[in-house]
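> Take a look at this one; I'll ask things after.
The values are calculated or read from the model by the stated rules, or taken from the named source; none is laboratory data. Bear in mind the structure is a predicted one, so any value in this text is a computation, not a measurement. Cβ: placed from backbone, ideal geometry, glycine included. Neighbour counts: every protein chain shown.
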Amino acid sequence: MSKMKIRFMLTILVFILFLGVLFSGCQKAEIKYDLVIKNGRILDGSGNPWFRADIGIRGQRIVAIRDRIEASQAAKVIEAEGLVVAPGFIDIHTHADRDLLNIPGCENYVSQGVTTLVGGNCGGHDFPLAELFVSVEKKGIACNFASLAGHNTIRRQVMGMKMEAPTTEEMVRMKDLLRQEMKAGAIGLSTGLAYLPGTYSRTEELVELASVVAESGGFYASHIRNQGKRITEAIEEAITIGEKNGIPVQVSHIKLADEEVWNQLERITRPVEAARARGVEVTLDQYPYTATSSGFTSSLPQDVFEGGREKFLERLQNQEVYARVKQAVIRNRLTSSRGIDKLETIYVASSRKFPGYEGKNLKQILELQGKPATVENGADLIIDLVKEGDVSAIFFQMDEKDVEDLMKLSYVMIGSDGGLQVVGGGSPHPRSYGTFTRVLGEYVRERKIIGLEEAIRKMTSLPAQTMRLKDRGLIREGYYADLTIFDPAEVKDTATFADPHQHSRGIVHVLVNGRPVLEEGSFTGQRPGMIIHGPAFGKK
């Protein structure tokens, strides 16, 4: 072969290699997105009708929403044909902080499409928040997490279990602690006024304490004092606390939880809408079930707990005190004007000392004990459970029509009031596994109580608005890529009261800060969640 031919072939080879490198460089230059979601029906969280578009994600954020994005521009593609793409669901009312470090995968919430959990509700939070946040960030979590600061926790730190109003010095100390928690990143103040020691507080105490929120930024969330015959007055108290401080008010897990007031929705709407009409920002959250879940202590006269557990047990040794407590339990928990057998409507959800009681109602437990299922024996059983402590229960005490009517109100959002769960642990309320998917499957698709657009708004932009989140809760360019992709024809809850440890169906993909925590219905094990700090975070 001549030298000329060899040179020619070498030239051709070099040219081919050059083109290959050039082509490869062009290919790399075309990769604009880490992930593209194609052909989905976008429900952007605003309440507007869906539209079809592709979404481009780079890093943690949505960087493009286009009619069409070429798949070749993405390192990874999710095909969402036939699926709804929504902002990740924000659960404004959880007790996830109790187990966040033990269950960082947040699986029971991820399977519902939840990407952000809010803890510190009902007056209790993990104290101090700064330590919790450091531990969470070190360990990593699947969902984002924000927390309120709880009045009960702060009051207990300063005053223990005293019933009196705080002294001037005690109020200063409580305000200092709240200010500390707000600077650590709390998004507001919560109260649990049916629980100890919050039940001992007066409105004036709460108005003054909430002034710290007014100076720091944030909102006031309240488990109000009464959800039955005095619910209007209880809502008005919450409104007063917010109104006097010029801060938003969020009423937790709204319900008519007394058969005496079933179907009297005006007891709720009248004070709320009057306040909104005069410029007070009041919102509510609810879960889509007719049963509550809590401990038994609120069934007893609250004065017997003053001074703590030892004093409570000591008082019960007095026959007159015990008789008074028993009558209060019968009156508050076991009496029905509608002929309902309350022993059949109260179930033990968890009990460390009596795990055999879990999932059984009071009547079944009395039968196990070989005792007649009488109201008197039921009251003794409740008192015994409170004496042992650490017992939670499920109470069927709402009417389905009220659940539906509340859901139709524009200022009511969805919140589970649940917690993080390990499959098989106790017999918890199914709301921890199915709140959001139950709304989408049962109340939207099957019953048509509200439309899909409105349901998504109640799960995304409405809680984000309440929390003053500037870059979550909507599908917008520049927002964090918290996204839930689901099949509207299949989405549903599967958790029941009899079998609560069941993950939801129909949620296909869940992204938190641009990374998949659920992919094709399977957990990925990734922990891209962030701490969402309140407006006073880092301030001196």
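> Out of the residues in segment 144-162 that are among the charged types (D, E, K, R) and surrounded by fewer than 24 Cβ atoms within 10 Å (Cβ to Cβ), state the one that is farthest from ASP97 (Cα to Cα).
Per the stated criteria, the residue is LYS162.
> Shifting gears a bit: Could you give me the residue pairs with C-beta distances under 9 Å whose first residue belongs to segment 206-219 and is closer than 24 Å to GLN465 by Cβ, whose second residue is at pLDDT 95 or above and aromatic (Phe, Trp, Tyr) wherever it lies, and which are 6+ apart or on separate chains?
Taking only residues 6 or more apart or on different chains, the pairs are LEU206/TYR220; ALA210/TYR220; VAL213/PHE219; VAL213/TYR220.
> Can you name every one of the strands (runs of 3 or more DSSP E) wholly within segment 66-133 that holds 3 or more residues which are among the polar types (S, T, N, Q)?
none
> Just for segment 296-322: of the residues that are in a loop (DSSP other than H, G, I, E, B) and closer than 17 Å to LEU381 by Cβ, which one is nearest to the chain's Cα centre (by Cα)?
PHE296
> Here are LEU256, LEU206, LEU189, LEU196: which of them is among the aliphatic types (A, V, I, L, M), at pLDDT below 95, assigned by TED's automatic domain parsing to the domain that holds GLY123 and surrounded by 20 or more Cβ atoms within 10 Å (Cβ to Cβ)?
After ruling out the rest, the residue left standing is LEU196.
> Still on this structure: Of the residues GLU306, GLU281, which is closer than 30 Å to ARG156 by Cβ, among the acidic types (Asp, Glu) and not assigned by TED's automatic domain parsing to the domain that holds TYR433?
Exactly one residue qualifies, and that residue is GLU306.
> Which numbered condition trips up VAL213, out of (1) in contact with a Leu (Cβ under 7 Å, 6 or more places away or on another chain); (2) assigned to a strand (DSSP E or B); (3) not charged (D, E, K, R)?
VAL213 satisfies every listed condition except (2).
> Considering segment 268-321 alone, what residues qualify as being in contact with a Lys or Arg (Cβ under 7 Å, 6 or more places away or on another chain) and more than 30 Å from SER350 (Cβ to Cβ)?
Answer for segment 268-321, where residues must be in contact with a Lys or Arg (Cβ under 7 Å, 6 or more places away or on another chain) and more than 30 Å from SER350 (Cβ to Cβ): just VAL282.
> Here are some conditions: (1) in contact (Cβ under 8 Å) with a residue 60 or more places away in the chain; (2) at positive phi. GLY339 meets all but one. Which one does it not meet?
(1)
> Could you list, in sequence order, all residues of segment 442-470 that are of a type outside the set (Ser, Thr, Tyr), farther than 22 Å from PHE537 by Cα, touching a residue at least 60 places away in the same chain (Cβ under 8 Å) and surrounded by 23 or more Cβ atoms within 10 Å (Cβ to Cβ)?
Correct list: ILE456, ARG457, MET459, LEU462.
For (1) at pLDDT 95 or above; (2) in the same structural domain as ILE346 (by TED's automatic domain parsing); (3) in contact with a Pro (Cβ under 6 Å, 6 or more places away or on another chain); (4) within 25 Å of SER293 (Cα to Cα), each residue gets a yes or a no:
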site: VAL439; (1), (2), (3), (4): yes, no, yes, yes
site: ARG445; (1), (2), (3), (4): yes, no, no, no
site: ALA455; (1), (2), (3), (4): yes, no, no, yes
site: GLN465; (1), (2), (3), (4): yes, no, no, no
site: TYR479; (1), (2), (3), (4): yes, no, no, no
site: ILE507; (1), (2), (3), (4): yes, no, no, no
site: VAL510; (1), (2), (3), (4): yes, no, no, no
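> From the set of residues in segment 474-505 that are more than 21 Å from GLY47 (Cα to Cα) and small (Gly, Ala, Ser), which is surrounded by the fewest Cβ atoms within 10 Å (Cβ to Cβ)?
ALA498
> Moving to a separate point now. Are any of the residues in segment 265-275 part of a loop (DSSP other than H, G, I, E, B), in contact with a Leu (Cβ under 8 Å, 6 or more places away or on another chain) and either farther than 27 Å from PRO197 by Cα or at pLDDT 95 or above (or both)?
Among the residues of segment 265-275, at least one is part of a loop (DSSP other than H, G, I, E, B), in contact with a Leu (Cβ under 8 Å, 6 or more places away or on another chain) and either farther than 27 Å from PRO197 by Cα or at pLDDT 95 or above (or both), which makes the answer yes.
> Tell me yes or no: at least one residue of segment 86-96 is more than 18 Å from PRO463 (Cα to Cα), modelled with pLDDT of 95 or more and not aromatic (Phe, Trp, Tyr).
No, segment 86-96 contains no residue that is more than 18 Å from PRO463 (Cα to Cα), modelled with pLDDT of 95 or more and not aromatic (Phe, Trp, Tyr).
> Output the qualifying pairs, or none if there are none: Cβ atoms under 9 angstrom, residues six or more apart or on different chains, first residue in segment 120-135 and under 16 Å from GLY538 (Cβ atoms), second residue assigned to a loop (DSSP other than H, G, I, E, B).
Close Cβ pairs (under 9 Å, with a partner that is assigned to a loop (DSSP other than H, G, I, E, B)) amount to LEU129/GLY120; LEU129/GLY185; LEU129/ALA186; ALA130/GLY185; PHE133/GLY185; PHE133/HIS533.
> Now for a separate question. Would segment 395-416 turn up any residue that is surrounded by fewer than 24 Cβ atoms within 10 Å (Cβ to Cβ) and either in contact with an Asp or Glu (Cβ under 6 Å, 6 or more places away or on another chain) or under 29 Å from GLY59 (Cβ atoms) (or both)?
no
So that you can scan it fast, the table gives a plain yes or no per residue for (1) closer than 26 Å to GLY425 by Cα; (2) surrounded by fewer than 18 Cβ atoms within 10 Å (Cβ to Cβ); (3) out of contact with any Ser or Thr (no Cβ under 8 Å at 6 or more places or on another chain):
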{"site": "GLY56", "(1), (2), (3)": "no, no, yes"}
{"site": "ARG68", "(1), (2), (3)": "no, yes, yes"}
{"site": "ARG98", "(1), (2), (3)": "yes, yes, yes"}
{"site": "GLY105", "(1), (2), (3)": "yes, no, yes"}
{"site": "CYS122", "(1), (2), (3)": "yes, no, no"}
{"site": "GLU137", "(1), (2), (3)": "yes, yes, yes"}
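> Anything in segment 418-436 that is within 27 Å of ILE340 (Cβ to Cβ) and out of contact with any strand residue (DSSP E or B) (no Cβ under 7 Å at 6 or more places or on another chain)? List them, or say none.
Answer for segment 418-436, where residues must be within 27 Å of ILE340 (Cβ to Cβ) and out of contact with any strand residue (DSSP E or B) (no Cβ under 7 Å at 6 or more places or on another chain): PRO430, TYR433, GLY434.
> Let me ask you something else. So, LYS229, is that one at pLDDT 95 or above and more than 30 Å from GLY473 (Cα to Cα) or not?
For LYS229, the condition - at pLDDT 95 or above and more than 30 Å from GLY473 (Cα to Cα) - is met.
> Looking at GLN264, GLN286, GLN250, GLN319 in this structure, which one is assigned by TED's automatic domain parsing to the domain that holds TYR347 and either among the polar types (S, T, N, Q) or over 30 Å from PRO430 (Cα atoms) (or both)?
When all the criteria are applied, what remains is GLN319.
> Only one of these is surrounded by fewer than 17 Cβ atoms within 10 Å (Cβ to Cβ) and assigned to a helix (DSSP H, G or I): GLY339, GLY356. Name it.
GLY356 is the lone residue from the list that is surrounded by fewer than 17 Cβ atoms within 10 Å (Cβ to Cβ) and assigned to a helix (DSSP H, G or I).
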